[in-house]
Amino acid sequence: MSETIAGVVIPDSPIAAEATSLVRETTTPLLFHHSRRVFVFGSLQARGQPAEALGHNLDPVKRPRFVPCRDRQDC
């Protein structure tokens, strides 16, 4: 059964499974998970949803918001 992350279906074909195993076995966990995040983010961006890719699992009330400084006193 396919895994879904943030609405993106992770391929589970034989070649995708072989590539996943290769990356998992030959790299660090940090790099393996980074490559998965890049795949998910790129898939979401291709759908026109780039902003949601970064904060899809954050509580919208607690999500940090960027507010530009108007002058030195605001910063």
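Sorting Leu30, Leu22, Leu44 by solvent-accessible area of protein heavy atoms yields Leu30, Leu22, Leu44, largest first, with a 1.4 Å probe.
At full extension, Arg36 and Thr4 could sit 10.4 nm farther apart than now, given 0.36 nm per residue minus the alpha carbon distance. Under 5 Å between amide hydrogens, built in the peptide plane, is the criterion, and for Ile5 it picks out Ile10 among residues at least 5 positions away or on other chains.
The values are calculated or read from the model by the stated rules, or taken from the named source; none is laboratory data. In this text the structure is predicted, and so the values were computed from the model without any measurement. Note: areas computed on protein heavy atoms with side chains; ligands, DNA, RNA excluded. Shrake-Rupley method; radii C 1.70, N 1.55, O 1.52, S 1.80 Å.
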